[in-house]
Amino acid sequence: MTNSKTPPSSQNQGQTPQPEGFRSGLTNYGDAGFSLFLRKAFIKGAGYTDSALDRPVIGIANTGSSYNPCHGNMPQLIEAVKRGILMAGGLPMDFPTISIGESFAQPTSMYLRNLMSMDTEEMIRAQPMDAVVLIGGCDKTVPAQLMGAASSGLPSIQLITGAMLTGSHRGEVVGACTDCRRYWGRFRAEEIDHAEIEEVNNRLVPSVGTCSVMGTASTMACIAEALGMTVPGGASPPAVTSDRMRIAEETGVQAVRMAQSGLTIDKILTPAAFKNAMVVLLAIGGSTNGIVHLAAIAGRMGLTVDLAELDRMGRDTPVLVDLKPSGDHYMEHFHAAGGMGTLLRELKPLLALEAMTVTGRTLGEEIDRAGAPFKQAVIRPLNNPIYPQGGIAYLKGNLAPGGAIIKQSAASPALMEHEGRAVVFENLEDMALRIDDLNLDVQADDVLVLKNIGPLGGPGMPEAGYIPIPKKLALQGVKDMVRMSDGRMSGTAFGTIVLHVMPESALGGPLACVQNGDRIRLSVSRREISLLVDDAEMARRMAAAPATRPTAARGYRKLFLQSVTQADQGVDFDFLQANPKQET
Ligand code: FES
């Protein structure tokens, strides 16, 4: 990986010192002296003194947006980060980048994640800074920032916006978005009426901040801390709390120290850090999206996340965190239970304790520095898990020769070993047209198959893998069925749902040749997903309908379709990955 902005401390002794702060990364006018003169003249227009401009410059990636209420506390966070930077002797410079609010991005937020990572990387490279604070929270923003920062190579530290508070509906604690889906399912089944679904709509999101369950945002917050990329305890404080603001101030202080010590991101995002992140992903019953994002971040460091290894680790890593959708509680309860400090202490025997963190101390040292354990009911001890294995299992079979995954901790035990008749939807439009048809030929023990929602087919691998229970069956009280697709699902969703089938159907994967009435077998114990059709017939079907890679005439969509990789490579663009790759 190349890094055009070598941080001060990684310079070799005896070489000419590289420029720092405002003297670094000068605009090309062919006269470096004039470039600096001009830069200082303009920044002085904003009232800065020479003494301020001599300090280490700390960039702050500002992802505030009216379209992103998950980042609604951005102004307060930036103020607190700036306070920390000034306290430590640095000069804070916030700058805007793309922000992506999960439910405000069409066709899907994932389509834009790589664009945000490119924006983040290039703005870090282009502007003078000695370290960067990345402020993100909603599902795609933290992965995009970590991907961009990883490629930029600078000292980088992640600040999470924090989870929203929980709400209350008619005496029941509710939170986005597991309860959004649960209540919508009840509405579809006509268990609640229009007035109640409108009422609960006001209760599900009672404050700014990210989803309050262990969805993708909370998963990525925990992964960021497990990677060593946040200050200790940075994952869990809710968005509107003083704890969150103190974390922000501390992040600013730490960013200056990282700039001064040259603690670049490559010293933190090592194979040991990714192993720790995988252990945590499994133990929190984390979002299946977490593994896609982790693969993308690893790819930027020239590393590969091995899904078979994740599965092996999962057999020794139980789910300890009792949060929805795998359990009962919400992020504010996880925080009250000690957050990642408590969890990492429990997971200590499974972790690579030598991994470096943004504090300059190892993860093991940080675990030892965390407070003593106390009685709580949200983060279980290793010998009393809420689920005996890790949350995510890796499946293979003739339907998914490149693999597929299932969130077993959020699946129905009765459906984990299941054989059923395929009911096929060719794409999202086909599903939308027919899923509510009361004459749809579907039974509760069928397997719902949705094609063409992969990275290319979606495009952008939309979170449509949570195929709704057909209305006909929902009205009969059916809550779960085996469902499968080449897409993703929200981390807040639950059910017996096979995702990320590879290769995707738009690339001619075997999923493309499934027909109504075929038999499909899911065996989570054997890690198998199979189409019970003989090889000759499958070959005949695939030859009869060869796939051509989708294309577009212009713009970002053209770039996306030309360059996007499959789920196991993080759905990143191939040209953004570092080379050579090695397994974590
Ligand atoms: Fe932003 Fe859930 S919608 S975190």
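What follows draws every value from the coordinates through simple rules; no lab data is involved. Note that the structure is a prediction, hence the values are computed from the model and not measured. All Cβ positions, even for glycine, are placed from backbone atoms using ideal geometry, and neighbour counts span all protein chains on display.
Key figures
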| read-out | value |
| --- | --- |
| Relative contact order for the range 74-121, counting Cα pairs under 8 Å that sit 6 or more residues apart, in percent | 27 percent |
| Cβ-defined net charge surrounding Arg421, 12 Å radius [Lys, Arg +1; Asp, Glu -1] | -3 |
| Folded to 0 to 90 degrees: helix 289-300 orientation relative to the chain principal axis, Cα | 40 degrees |
| Per-peptide average of other Cβ atoms within 10 Å, ordering 160-167, 200-207, 138-145, 59-66 highest first | 138-145, 160-167, 59-66, 200-207 |
| Under 14 Å, Cβ to Cβ, from Glu198 - net charge with Lys/Arg +1 and Asp/Glu -1 | 0 |
| Neighbour net charge for Arg380 - beta-carbon separation under 13 angstrom, K R +1, D E -1 | -1 |
| For Thr304, distant residues with modelled amide H under 5 Å away | Gln582, Glu583, Thr584 |
| Two-decimal ratio, the chain, of alpha-carbon radius of gyration to 2.2 N^0.38 Å | 0.97 |
| Distance (nanometres) between label positions extended 7 Å along Cα→Cβ at Ala46 and Ser261 | 2.8 nm |
| Value of relative contact order over the chain, rounded to a whole percent, pairs C-alpha under 8 Å and six or more apart | 14 percent |
| Cysteines having no other Cys beta carbon under 4.7 Å from their own, within the chain | Cys211, Cys222, Cys513 |
| Dipole magnitude of the chain, debye to nearest 20 (Cβ charges: Lys/Arg +1, Asp/Glu -1, about Cα centre) | 820 debye |
| Per-residue Cβ neighbour rank within 10 angstrom, fewest leading, Met356, Met431 | Met356, Met431 |
| Of every Cα-Cα pair in the range 174-242, the percent that sits beyond 17 Å | 52 percent |
| Amide H contacts under 5 Å for Cys177, placed H, 5+ residues apart | Ser212, Val213 |
| Rel. contact order, % - alpha carbon contacts under 8 angstrom, at least six apart, the range 21-163 | 27 percent |
| C-alpha long axis of helix 74-87 to longest principal axis of the chain, angle in ° | 40 degrees |
| Cα-based helix-to-principal-axis angle, 535-544 vs the chain, degrees rounded to 10 | 70 degrees |
| Inter-label distance for Tyr556 and Gln18, nm, one decimal - labels placed 7 Å from Cα along Cα-to-Cβ | 3.0 nm |
| Of Lys82/Lys375; Lys348/Lys407; Lys267/Lys375, pairs whose Cα-Cα distance is over 32 Å | Lys82/Lys375; Lys267/Lys375 |
| Distance between modelled label sites at Glu196 and Glu426, nm, 7 Å Cα→Cβ extension | 3.9 nm |
| Packing-based order for 22-35, 556-569, 272-285, using average beta carbon neighbours within 10 Å, highest first | 272-285, 556-569, 22-35 |
| Near-label residues of the range 273-289 by backbone N, under 14 Å of a point 7 Å along Cα→Cβ of Ala352 | 273-280 |
